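The values are calculated or read from the model by the stated rules, or taken from the named source; none is laboratory data. What you are looking at is a predicted structure, and each value in this text was computed from that prediction instead of being measured. So basically every Cβ, Gly included, is an ideal-geometry build from the backbone, and we count neighbours across all protein chains shown.
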Amino acid sequence: MNELLTPLDALLGYSTLLAMWGALLLHWFFPIPSELNPLSLWRQVAYAIAEKVNHVEDAPSQQRLAGGLALSVMWLTLAVLLIALSQIVWVPWLFDLLLLWFSLSWKPLTQSMLALEAFLLREDKPAARTLLAQSLNRDTYSLSPVGIAKAGCETLLIGYARGLISILFWYAIGGGIAAFLYTLIVQLSRCWPTRREEFVEFGRPTSVLLSIVDALPSQLFALLIATGHRFEPALSAIREQGREWSFNGAGWILAASGAKFQLALGGPALYDDRKISRPRIGGEISPSPLHLALLNQQLRQKALLWILLQSFLMWFAHGLL
């Protein structure tokens, strides 16, 4: 004879979904400062390892090998440790909640972009450049107000994708461990950016891995952004421009958003005083502080829709199992 489930038992049966919402609420009200997040230690280790094993005078193949080994040692070691730890924790859903909370990073980014908008409205270019430099991995000292707004829009778009959407996607696939391991790859790609001369080869294995794990969730989010008003132009931009940027989904997101809001994104950028050519993407209107606010509002709505859709799919999948 089957035992009757109490409402609490039924609720706890959806612990993975409850942990996701708990982590989202915690991140919304209590985002972890970057200096207090365990990921800050991960970044310090990444910088220290690169300083020891990355030698620009080595052959490109040797630099790529060193980068691949550094990635493997760091990432696989922590993956094994987390999997082993998951076998001994007393409350698995709390373990998932904490890992997801540590992984999320979109709330501080939105607050930073709101501050950037305020600086631009006050025409305080030095403060805007300094604030933007905290989120960007490239030079900001020579950016014009239009360049600052454009970089802010791009940062906001990629930040939503990598600081929220892709994390939730991998959480649905493999729980808190998968979400946290995805975030570790993102952090390594920021520590070893291939657009900087010293990491062109050393950071390539990490860049390729990020492209692989980023592709599907970013492309799905780009399609979600495209829905609604100006869907056809956004879809055409994805087909025509998205693949010119990169194959990891970032191009899809920039193309969809640029075409939907008719914003001119992409173009040349400075990295260590070197001008790097990037494809121009999107529309014809130069970004402004108004577009930063509009984009922030629209992305918040699309992100909420993603969360609701994912929650329903997770609930439905749990019912089937």
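Here are the numbers for the structure shown:
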item: Answer from L25, L78, L69 - the residue that is out of contact with any helix residue (DSSP H, G or I) (no Cβ under 6 Å at 6 or more places or on another chain), modelled with pLDDT of 95 or more and farther than 29 Å from A317 by Cβ; result: L69
item: Flag if A172 is surrounded by fewer than 23 Cβ atoms within 10 Å (Cβ to Cβ) and either basic (K, R) or free of Cβ contacts under 8 Å to residues at least 60 places away in the same chain (or both); result: no
item: Complete set of residues in the range 134-152 that are of a type in the set (V, I, T) and part of a helix (DSSP H, G or I); result: V146, I148
item: The range 106-124: number of residues that are crowded, with 17+ Cβ neighbours inside 10 Å and free of Cβ contacts under 8 Å to residues at least 60 places away in the same chain; result: 3
item: Filter result for R196 (basic (K, R) and in contact with a strand residue (DSSP E or B) (Cβ under 7 Å, 6 or more places away or on another chain)); result: yes
item: Single unsatisfied condition, Q262 versus (1) under 21 Å from R162 (Cα atoms); (2) in contact with a Gly (Cβ under 6 Å, 6 or more places away or on another chain); (3) surrounded by fewer than 16 Cβ atoms within 10 Å (Cβ to Cβ); result: (1)
item: Where a residue in the range 266-286 is more than 18 Å from A149 (Cα to Cα) and without any contact (Cβ under 8 Å) to a residue 24 or more places away in the chain and its partner, wherever it lies, is in a strand (DSSP E or B) and of a type in the set (D, E), with Cβ under 9 Å and at least six apart; result: none
item: Residues of the range 295-321 satisfying the condition of being surrounded by 15 or more Cβ atoms within 10 Å (Cβ to Cβ) and either more than 19 Å from the chain's Cα centre (by Cα) or polar (S, T, N, Q) (or both); result: N296, Q298, Q310, S311, M314
item: Residue that is surrounded by the most Cβ atoms within 10 Å (Cβ to Cβ) [pool: residues in the range 26-80 that are among the charged types (D, E, K, R) and assigned to a helix (DSSP H, G or I)]; result: R64
item: Single unsatisfied condition, S135 versus (1) modelled with pLDDT of 90 or more; (2) surrounded by fewer than 22 Cβ atoms within 10 Å (Cβ to Cβ); (3) under 12 Å from the mean Cα position of the chain (by Cα); result: (1)
item: Output for the range 81-104, where each listed residue is surrounded by 17 or more Cβ atoms within 10 Å (Cβ to Cβ) and in a helix (DSSP H, G or I); result: L82, W93, F95, D96, L97, L98, L99, L100, W101, F102, S103
item: One residue from R64, R43 being in contact with a Pro (Cβ under 8 Å, 6 or more places away or on another chain) and at pLDDT 90 or above; result: R64
